[in-house]
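First the structure, in the form of structure tokens, and then the observations on it.
The values are calculated or read from the model by the stated rules, or taken from the named source; none is laboratory data. Everything numeric here is computed off the predicted structure, so don't read it as measured data. With ideal geometry, Cβ positions are generated from the backbone for all residues, glycine too; neighbour counts draw on all protein chains shown. Accessible surface areas use protein heavy atoms only, side chains included; no ligands, DNA or RNA. Shrake-Rupley method; radii C 1.70, N 1.55, O 1.52, S 1.80 Å.
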Protein chains: 2
Amino acid sequence: MSRRIDIVEVGPRDGLQNDPGNLTTAQKLEFIARLEEAGVRRMESGSFVSPKAVPKMADSTEVFAGVDRSKPTRHIALALNEKGVRRAIDAKADEINFVLVAGEGFGKRNQGMSPSESADMLMQCAPLIHEAGIPLSATISVAFGDPYDGEVSPVVVGNLAARAQRAGVGELALGDTIGVATPWQVRSLIDRVSMEAPDVFLRMHFHDTRGAALANVAAAVDAGVDVIDASCGGIGGCPFAPAATGNVATEDVVYMLERAGFETGLDLGKLIDTAKWLETVLGHEVSSSLSKAGGFPA
Amino acid sequence: MSRRIDIVEVGPRDGLQNDPGNLTTAQKLEFIARLEEAGVRRMESGSFVSPKAVPKMADSTEVFAGVDRSKPTRHIALALNEKGVRRAIDAKADEINFVLVAGEGFGKRNQGMSPSESADMLMQCAPLIHEAGIPLSATISVAFGDPYDGEVSPVVVGNLAARAQRAGVGELALGDTIGVATPWQVRSLIDRVSMEAPDVFLRMHFHDTRGAALANVAAAVDAGVDVIDASCGGIGGCPFAPAATGNVATEDVVYMLERAGFETGLDLGKLIDTAKWLETVLGHEVSSSLSKAGGFPA
């Protein structure tokens, strides 16, 4: 039997949040429906953060109200603080993904928190989430490097992971927010985090800013990670490198893994169709490779 | 001490051959000089094939006559048959890279030979090359998949490798000509070829058509391969997927490997400058990630 790798689709949140294009709420719901049709069963459908800081996610309440709850998809809401967590609970998120930060520089500018303050905030919010009976996951952002401070210490990442485990986080993502990781760093950080937080499942979140995202996915899968974040079309961009590509593309991950014999449950053709549809509503080309090259054998 | 990975620059041959842009002989020589300045010590500087089939390489004799022989760079000439080998010897190539083909469909259309006919041709040409005292390498093209026939049997690749060893090939590249390989396939084919041709050094040649080129480089390096082909700017394209990207970009390979602690001897900044210069002379954007995102830490 093939090994199953689960892909968490982050296009409707991390992808759209950083894309120059703007979708209406109805278009976001069409994007979500198309992804469900392609087989997606978990996705980041919105985030409950300051609409001033992240205007593209200002309609997340409407998006969560509009998704088809008869479908089996689990809709994940992102939150950074108690206010966001309460809004996500009110919006009936199926899962809340809390954002921890591993770099001082990025943390101060992105969410006004140091790494340890972000962990304090998680400790404060976790009981609310558990009480609401909602699965809690977390992402450690800039875990492989900080755009302001440079290298990030694996000790900091390990400590955040240990605190996430104590907060009752079920699944923890290591986020390469600015796309600087290498496969060797991925393996080494997975080892470290597995020691510090042996009871949480690991998920990986890679950006393709420097072309190594699929290399990092392969390294993570080889290291035993079964859950990968990806964004249809590879949308997402990088605010620190405007010309660069965004999240690793869902269809590129699916091609590589399925061709290597893993099972993702996703339909490559429908993902490519959705990437091409995205180009029409976003008004620009998307960066994924498969949407240009097509699968193989054809 | 860091492990050294040697990069063979293929931009002046495989890159330019498939690029829509056209360089004059003088511009090719400037490209080569810029690459030397960035630290390149081995490069494919031209090919001796039919100028009707590959018009962009019609000036390879002039290119080989124009390169600065006082530099330590080894200029490699590509050849497919006896006529090409004789022209390469006349041009004083420092090394001849002979092209074998692993797929029937691609072989018939690209060089009018089946896999075994390409090996027969190598057996016929090798004595000439040895007699001239020129190092002989070979590349097995479409070793990971054929655009016409689909999957390629590892048995065929293994047999070609064994014949290459008998022909006195010192270094053998496995070529993913159309960019379909995955890291797992790379490892498995390296194992196979190492069994069939234990005395040849291995080199790998990847295209980034489906985004997995760096993943394949990492897999090859982990499997013990010390020599990687790459093309500055990632130029090269793919005749079978016109919108797709080309060879794996030299600067992307250098970033990933150097950040992971390997030593390449190449200067990332100068490679990025050369990629940007290429955009001006080719008249279009190049596809490498590092030329857009820059290194890290900055």
Shielding by partners, peptide A:202-214 (average Cβ within 10 angstrom, other chains): 6
Calculated log₁₀ intensity ratio I(q)/I(0) where the Debye formula runs over C-alpha points of the stretch A:34-167, q = 0.13, 0.15 Å⁻¹: -0.56, -0.74
Calculated [θ] (222 nm, deg cm²/dmol) that DSSP helices of n ≥ 4 give over chain A, each run adding -39,500 (n - 2.57): -12000 deg cm²/dmol
Bins of 10 Å, starting at 0 and running to the largest distance - Cα pair percent for the protein assembly as shown: 4, 18, 27, 24, 15, 9, 4, 1, 0
For the stretch A:29-102 and the stretch B:130-174, distance of Cα centres in Å: 51 Å
Distant-in-sequence amide H partners of B:Val180 (H built 1.01 Å from N, under 5 Å): none
Positive-end extreme of charge dipole, the protein assembly as shown - chosen from A:Pro198, A:Phe64, B:Gly175 (charges on Cβ): A:Phe64
Shielding by partners, peptide A:176-187 (average Cβ within 10 angstrom, other chains): 4
Shielding of B:239-247 by partner chains, average beta-carbon count, 10 Å: 3
Protein accessible surface hidden between A and B, which excludes ligands and nucleic acids, total in Å², probe 1.4 Å: 2900 Å²
Cross-link reach list, lysines versus A:Lys292, counting only Cα pairs under 24 Å and skipping chain neighbours closer than eight places: A:Lys28, A:Lys270, A:Lys276, B:Lys276, B:Lys292
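Scan the stretch B:5-102 for GluC sites (Glu not before Pro) in coil per DSSP, keeping those whose Cβ has at most 15 other Cβ atoms within 10 Å, and list them by number.
Hits after loop and neighbour filter: nothing returned.
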Per residue accessible area of chain A, 1.4 Å probe, in Å²: 36 Å²
Compactness index (Cα Rg / 2.2 N^0.38 Å), the stretch B:6-293: 0.91
Antiparallel %, DSSP beta bridges [both residues in the protein assembly as shown], to 5: 5 percent
Length-normalised contact order for the stretch B:149-282 - Cα pairs under 8 Å, 6+ apart - percent: 20 percent
Chain A, accessible surface, carbon-and-sulfur percent (1.4 angstrom probe): 51 percent
7 Å along Cα→Cβ, label-point gaps from A:Thr280 to other copies, nm, shortest first: 4.1
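Run through the stretch A:9-93 and list the trypsin sites (Lys or Arg not before Pro) located in a DSSP loop whose Cβ has at most 12 other Cβ atoms within 10 Å.
Passing both the DSSP loop test and the Cβ count: A:Lys52, A:Arg69.
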Within a Gaussian network of chain B (alpha carbon springs, distance under 10 Å), most fluctuating of B:Ala138, B:Ala243, B:Ala88: B:Ala243
Backbone HN-Hα couplings from phi across the stretch B:60-73 [Karplus 6.51/-1.76/1.60, Hz, Gly and Pro as x]: 4, 4, 5, 4, 5, 6, x, 5, 7, 6, 7, 7, x, 5
Amide H contacts of A:Gly237 (H built 1.01 Å from N, under 5 Å, at least 5 apart or other chain): A:Gly246, A:Asn247
Listing of the stretch A:257-298 residues, each with accessible area lower by at least 30 Å² in the full protein assembly than in the chain alone (probe 1.4 Å): A:Arg259, A:Ala260, A:Ser289, A:Lys292, A:Ala293, A:Phe296
Per-residue ³J(HN,Hα) for the stretch B:238-249, Karplus 6.51 cos²θ - 1.76 cosθ + 1.60, θ = phi - 60°, Hz, x for Gly and Pro: 8, x, 8, 8, x, 7, 7, 7, x, 4, 4, 7
Segment B:Glu117-B:Ala243, extension gain: residue separation times 0.36 nm, minus the distance between their alpha carbons: 42.2 nm
Relative contact order %, chain B, counting alpha carbon pairs below 8 Å whose residues are six or more apart: 20 percent
Distances in nm from A:Asp120 to the matching label points in the other copies, shortest first (labels 7 Å along Cα to Cβ): 7.9
Using a Förster distance of 45 Å, the FRET efficiency for B:Glu279-A:Asp6 (Cβ separation, nearest 0.05): 0.70
For the B-to-A rotation axis, chain B residue with nearest beta carbon and its distance in angstrom: B:Ala215, 2
Estimated FRET transfer efficiency (B:Leu128, B:Asp226; beta-carbon r; R0 30 Å; 0.05): 0.60
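With N residues in the stretch B:153-298, what two-decimal value do you get for its Cα radius of gyration over 2.2 N^0.38 Å?
Its radius of gyration relative to the 2.2 N^0.38 Å reference: 1.09.
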Potential lengthening between B:Lys83 and B:Asp199 on full extension [0.36 nm per residue; Cα-Cα distance subtracted]: 39.0 nm
For A:Asn97, distant residues with modelled amide H under 5 Å away: A:Ala77, A:Leu78, A:Ala79, A:Ser137
Lysines whose Cα lies under 16 Å from that of A:Lys83, excluding same-chain neighbours fewer than 8 positions away: A:Lys52, A:Lys92
